[in-house]
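Colleague: I am attaching a structure below and will ask some questions about it afterwards.
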Amino acid sequence: TVVAGVPPDYFAADGQHWGNPLYDWGRMAATGYKWWADRARRDLARVDLIRLDHFRGFRQAWHIPASEKTAVKGKWVDGPGAAFFDRLR
């Protein structure tokens with residue numbers, strides 16, 4: 001129903017409509033972020049450090065109705081914030 005992007009700004013009057021799906025943070029929180037914790041455990045068995053890009057998206061993400069062609073009608077929606085990182089720690 002919604003896809004990711006960024007809002008309009010000085011450089012892009014229509015924003016950026018990336019079109020990729022967004023995580024269902026409410027559902028993930030209900031499982032104690034199990035999918036993420038399992039993934040982090042598995043990755044840390046192979047590497048010493050995990051880099052999480054686009055850190056902003058863990059605080060808030062720009063949700064655009066999937067039917068829209070631009071990012072103009074999107075809105076900021078809260079992500080998991082500190083609760084997510086507390087669980088991973």
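Colleague: Given the Cα-Cα distance of L88 and Q60 and 0.36 nm per residue of separation, how much length would full extension add, in nm?
Modeller: That works out to 8.3 nm of additional length.
Colleague: Which of the listed residues, F55, V6, A29, is farthest toward the dipole's positive end in the chain, when Lys, Arg count +1 and Asp, Glu count -1 at the beta-carbon?
Modeller: A29
Colleague: Using just the helices of the chain, give the 222 nm mean residue ellipticity in deg cm²/dmol: DSSP H runs with n ≥ 4 each add -39,500 (n - 2.57), and the total is spread over all residues, rounded to 500.
Modeller: -7000 deg cm²/dmol
Colleague: Just round it to a whole percent: the fraction of Cα-Cα distances in the chain exceeding 22 Å.
Modeller: On the way: 1434 of 3916 pairs.
Result for the distance tail: 37 percent.
Colleague: Where in the chain lies the longest segment free of chymotrypsin sites (Phe, Trp or Tyr not before Pro) that are both loop residues by DSSP (not H, G, I, E, B) and have at most 14 other Cβ atoms within 10 Å?
Modeller: Values: sites that count: Y10, F11, W18.
The segment 19-89 is the longest one with no such site.
Colleague: Here is a follow-up. About its Cα centre, how strong a charge dipole does the chain have in debye, to the nearest 20, once Lys and Arg get +1 and Asp and Glu get -1 at the Cβ? Can you show the working numbers first?
Modeller: On the way: 14 positive and 10 negative charges, 66 e Å.
Computed charge dipole of the chain: roughly 320 debye.
Values quoted throughout were computed directly from the atomic coordinates according to the rules given, and no laboratory measurement underlies them. Being a predicted model, the structure only gives us computed values, none of them experimental. As a convention, Cβ positions derive from the backbone with ideal geometry for all residues, glycine included, and neighbour counts pool all protein chains shown.
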